[in-house]
Amino acid sequence: MRKFRVLSIVTAFLLLTAVLFTAVPVSAAGVRPRPFPDTIPLPNGFQPEGIVIGRGLSIYAGSLANGAIYQANLRTGEGDILVEGEEGLIAVGLGYDRRTNNLFVSGGVGGDARVYDAATGELLMSYQLTAPGNTFINDVIVTWHGAYFTDSYNAVMYRLPLTRNGRLPDPQDVEAIPLTGDFEFVPGGFNANGIASTFLGRYLIIVNSTTGTLYRVDADSGEALAIDLGGETLTNGDGLVLRGRTLYVVRNALNEVAVVKLNGRLTSGEVVDTISSDAFRFPTTADLLGRSLYVVNARFDVTPTPDTEYEIVRVSR
């Protein structure tokens with residue numbers, strides 16, 4: 001009798017295990033989770049350039065046309081305007097501070113930077129990094145110590161120093177840090193573009209779009225060291241995303257994303273893969289969530305109209 005009871009218990013356990021491991025995951029309501037959409041439409045005529053992922057499943061895109069900011073949900077693909085556009089404003093690169101839920105925006109030829117509350121769209125602070133005109137404040141990355149902005153027309157980067165809890169500085173505290181060392185500035189070219197940061201923020205990585213060179217840049221001094229890619233260059237390099245020692249380089253006009261494996265000191269690397277997709281239409285910037293790479297199509301190869309369609313696309317990394 002005892003033997004039969006033991007066998008019955010073992011049999012029941014095996015059956016239950018089989019059911020658990022073969023069951024399809026469902027929600028509490030018994031409905032399968034909807035997969036994340038591969039395309040997130042942006043408003044017609046929006047003219048996006050920069051994107052960044054914020055808290056939860058929020059993604060933000062900025063408009064070159066009027067500085068508007070669009071917020072969408074990565075799960076549903078639906079969204080709305082968070083910050084209304086204004087004539088004369090430009091939104092290029094976007095950066096995000098998880099400590100404060102603040103959204104940092106590069107102002108392009110305006111030479112400015114703006115900081116918004118990512119939940120409400122309220123303008124928290126505006127900074128004049130440099131005089132408008134001969135400048136293009138392009139991309140931005142937020143670290144524990146500051147928000148760093150590239151200038152594609154000048155061999156300099158700008159820093160907004162941040163406190164440990166992310167408190168914003170006064171406008172007079174803007175710092176201009178010259179790019180020195182190996183940094184090669186091409187007069188009349190489009191130079192420093194995308195920017196990324198190591199986890200602790202000691203070093204930044206910047207790409208020069210004209211020469212295709214990657215640089216490891218000291219975040220405090222601006223001294224740049226050319227990263228040895230074994231003879232490879234990444235011309236048309238635009239937005240950068242760094243995760244661990246893997247760097248994703250969006251190459252806009254080439255409709256691809258180069259995947260670079262860096263060494264521990266960020267002094268050398270190897271292009272180990274190239275991500276391409278029929279959905280890429282002159283991509284400029286990217287961000288990561290899990291195994292998905294989100295890329296925005298700026299469509300610089302067409303003349304923008306109020307009816308031009310734009311989108312963010314999702315590909316596997």
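The values are calculated or read from the model by the stated rules, or taken from the named source; none is laboratory data. All figures in this text were calculated on a predicted structure; none of them were measured in a lab. Don't worry about glycine lacking a Cβ; one is built from the backbone with ideal geometry, like all the others, and counts go over all protein chains shown.
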Pair list, Cβ < 7 Å and 6+ apart or interchain, from region 50-70 residues that are without any contact (Cβ under 8 Å) to a residue 40 or more places away in the chain and in a strand (DSSP E or B) to residues that are crowded, with 24+ Cβ neighbours inside 10 Å and of a type in the set (A, V, I, L, M): 63/91; 70/61
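Just the residues that are aliphatic (A, V, I, L, M) and under 18 Å from residue 113 (Cα atoms), please, taken from region 35-72. Spell out the reasoning first.
The first filter runs over region 35-72 and keeps only residues aliphatic (A, V, I, L, M), leaving 40, 42, 51-53, 57, 59, 61, 64-65, 68-69, 72.
51, 52, 61, 64, 65, 68, 69 - these are the residues of region 35-72 that are aliphatic (A, V, I, L, M) and under 18 Å from residue 113 (Cα atoms).
Looking at region 116-123, can you tell me whether even one residue there is in contact with a Gly (Cβ under 7 Å, 6 or more places away or on another chain) and more than 25 Å from residue 199 (Cβ to Cβ)?
Our first condition is that a residue be in contact with a Gly (Cβ under 7 Å, 6 or more places away or on another chain); within region 116-123, this holds for 118.
Still in the running and more than 25 Å from residue 199 (Cβ to Cβ): none.
Scanning region 116-123 turns up no residue that is in contact with a Gly (Cβ under 7 Å, 6 or more places away or on another chain) and more than 25 Å from residue 199 (Cβ to Cβ).
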Enumeration of residues in region 71-92 that are part of a loop (DSSP other than H, G, I, E, B), under 15 Å from the mean Cα position of the chain (by Cα) and under 24 Å from residue 37 (Cβ atoms): 74, 91
Unmet criterion (only one of (1) within 18 Å of the chain's Cα centre (by Cα); (2) over 19 Å from residue 171 (Cβ atoms); (3) assigned to a strand (DSSP E or B)) for residue 113: (2)
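Whether any residue in region 212-230 is at pLDDT 95 or above, of a type in the set (Asp, Glu) and out of contact with any Phe, Trp or Tyr (no Cβ under 9 Å at 6 or more places or on another chain) is what I want to check. First the steps, then the outcome.
Let us first name the residues in region 212-230 that are at pLDDT 95 or above, namely 212-230.
Narrowing the set further to residues that are of a type in the set (Asp, Glu) leaves 218, 220, 223, 228.
Subsequent filtering for residues that are out of contact with any Phe, Trp or Tyr (no Cβ under 9 Å at 6 or more places or on another chain) retains 220, 228.
Yes, there is a match, as at least one residue in region 212-230 is at pLDDT 95 or above, of a type in the set (Asp, Glu) and out of contact with any Phe, Trp or Tyr (no Cβ under 9 Å at 6 or more places or on another chain).
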Residue within region 126-142 that is buried (at least 22 other Cβ atoms within 10 Å of the Cβ), more than 18 Å from the chain's Cα centre (by Cα) and in a strand (DSSP E or B) present: yes
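Among the listed residues 189, 181, which satisfies the condition of being at positive phi and not hydrophobic (A, V, I, L, M, F, W, C)?
181
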Leading residue by the ranking (surrounded by the fewest Cβ atoms within 10 Å (Cβ to Cβ)) among those in region 273-297 that are farther than 10 Å from residue 257 by Cα, among the charged types (D, E, K, R) and out of contact with any Ser or Thr (no Cβ under 8 Å at 6 or more places or on another chain): 278
Subset of region 143-158 [in contact (Cβ under 8 Å) with a residue 60 or more places away in the chain and under 18 Å from the mean Cα position of the chain (by Cα)]: 143, 146, 148, 157
Subset of region 259-317 [at positive phi and of a type in the set (Phe, Trp, Tyr)]: 282
Breaking point among (1) at pLDDT below 95; (2) touching a strand residue (DSSP E or B) at 6+ places or on another chain (Cβ under 8 Å); (3) charged (D, E, K, R), for residue 164: (2)
